[in-house]
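Reviewing the structure listed below.
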Amino acid sequence: MPHAPDISTTAATLSDRVYSDLGGRARRSGREVFPLHVGDTYREPIPAARAERQRTSAHPHLHTYAPVHGEPALLDAIVARVKQRAGVTLDREDVQVVAGATSGLAIAASVMLDPGDEVLLPAPFWPLIRGVVASRGAVPVQIPFYTELSDPGFDPEAVLERAVTARTAAIYLNTPNNPTGCVLAPETIEAALRVAKRHDLWVLSDEAYEALCFATDPRPVWTYADAAGRTLVAQTVSKTYGLAGARVGYLHGPHTLMRAVRGAQTFATYCAARPMQVAVSHALRQGDVWVAESRALYADAARATAEALGVPAPEAGTFVFADVSRLLDAAPRDANDADDARDGGPDRHEDARAFLERCADAGVLLSPGGAFGTDYARWVRLCFTAVAPDALARALAVLRPLFRG
Ligand SMILES: Cc1ncc(COP(=O)(O)O)c(C=O)c1O
């Protein structure tokens, strides 16, 4: 076997199996398999935005490179959508089309962070952000947050403040949050922004689920006074318009930062796929009814899921995040753990793996909570939009007894 050189130290910390490696086990169960571990939708996008509807006859040069900045029709549609949503007319120059928010956030990390910088990651968080930060050689600092907000003794400003060091360069905010479906209250956003302003931090505002709030549309983070000049917004059409495979998203932020973003985009993917940029421009222009329908369908699915699992319904998004500690083995795993437990030492009880395996054996795939932060090993995430409502009902019938213990 020839010897291969070592991979980089940052790459060694990354895995492509963040969501679930239990697929084979579920398939072997011989049962109907419900892939509720992936964050996606069963809905097809509006016809005008589908890949098969884009024609070279309507768009000469459809298959050439798009401008680095973005397809002009898409940039116009983004500016119009932001105006409709937030009442603010962005300067087109301050918008950058990217190949999905994942790529956009990697570009953001490359322009905001130097290796060794620390990024505050209120947890639980979308798992890929940890890898995005780590890939830059920066340090993700995990802070239990979204799950703590309902605790009357929890002071978001004090908690974030305590995590700041001389190396802190940025804070990542994600409202609505993946995985909890929590929508941050204005006073929590203000508290986080005060910390950012006090320590001159960048704010990375991930708005992937911004259009999927089930009650009211909250005010976007970037429109708060203390966000000015320091906030980069990452947006995607993956969730709002059911176009995850299109790999199109956009960033917008302060002018000087966006010039650097444009430079970084040139060396990242150069441009997002041109045919899909055209497709997405149609989604942004004609997708309002589809989005409203999705919101209503997803809200129903959220309620049904929460009821079946016996947890509070999320306020937004496509996920339920559940603490399954009570369903796990209460006994410490080995003699040392037993000593620790007696001494009040570290809690090394069973993580959610055995419970996830029980679900997989019944045909349902869920994500391990540990992917969303080290404090969430005894939690699991379920995506209630991954399968159509009839299939979701069958999956919930399977899960109901498993969650009741
Ligand atoms: C919070 C959050 N941000 C960003 C993304 C990435 O979006 P995209 O598909 O545009 O890369 C996701 C996808 O699941 C997400 O949940």
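The values are calculated or read from the model by the stated rules, or taken from the named source; none is laboratory data. For clarity, every value in this text was computed on a predicted model and none was experimentally measured. Here Cβ is always computed from backbone atoms with ideal geometry, including for glycine, and neighbour counts include all displayed protein chains. What goes into the accessible areas is simple: the full protein's heavy atoms, side chains included, and nothing from ligands, DNA or RNA. Shrake-Rupley method; radii C 1.70, N 1.55, O 1.52, S 1.80 Å.
Observations on the model:
- Annotation: amide H of residue 316 within the under-5 Å range of 214, sequence separation 5 or more or interchain, hydrogens built in the peptide plane.
- What the pair-distance distribution of the range 50-189 shows, using all Cα-Cα distances binned every 10 Å from zero, is 10, 29, 31, 21, 7, 2, 0 percent.
- Share antiparallel - DSSP beta bridges, the chain, percent rounded to 5: 45 percent
- In this structure the amide hydrogen of residue 143, modeled in the peptide plane, comes within under 5 Å of the amide hydrogens of 121, 123, none closer than 5 places in sequence on its chain.
- Charged-residue dipole, Cβ positions (Lys, Arg, Asp, Glu), the chain about Cα centre, Debye nearest 20: 1280 debye
- For the range 49-286, size of Cβ-based charge dipole, Lys and Arg +1, Asp and Glu -1, in debye: 920 debye
- The HN-Hα couplings worked out from phi for the range 304-315 by the Karplus form 6.51 cos²θ - 1.76 cosθ + 1.60 (θ = phi - 60°) are 4, 5, 4, 5, 5, 8, x, 10, x, 6, x, 7 Hz, whole numbers, x standing for Gly and Pro.
- Exposed loop sites here are trypsin sites (Lys or Arg not before Pro) assigned a DSSP state other than H, G, I, E or B and surrounded by at most 11 other beta carbons within 10 Å; excluding them, the longest clear run of the chain is 56-405.
- A 1.4 Å probe run over the protein chains yields, for the chain, 44 Å² of accessible area per residue, whole-number rounding.
- Counted over the range 49-286 with a bin width of 10 Å, the fraction of Cα pairs per bin, in whole percents, is 8, 33, 36, 17, 5, 1, 0.
- Beta bridges by DSSP in the range 49-286, antiparallel share as percent, to the nearest 5: 30 percent
- Annotation: amide H-H contacts under 5 Å for residue 234 (H modelled 1.01 Å from N, sequence separation of 5 or more, or interchain): 205, 206, 207.
- Carbon + sulfur, % of accessible area of the chain - ligands and nucleic acids excluded, 1.4 Å: 53 percent
- Rounded to whole Hz, the Karplus (6.51, -1.76, 1.60) HN-Hα couplings of the range 258-273, x for glycine and proline: 5, 5, 5, 4, 4, x, 5, 4, 4, 8, 8, 10, 6, 8, 6, 3
- Kirkwood hydrodynamic radius of the chain, Cα pairs, Å: 22.3 Å
- Phi angles of the range 164-173 translate, via the Karplus equation with coefficients 6.51, -1.76, 1.60 and θ = phi - 60°, into HN-Hα couplings of 6, 10, 5, 8, 5, 10, 7, 10, 9, 10 Hz per residue; Gly and Pro are given as x.
- Gyration tensor (alpha-carbon) shape descriptor, the range 1-51, a/c threshold 1.5: oblate
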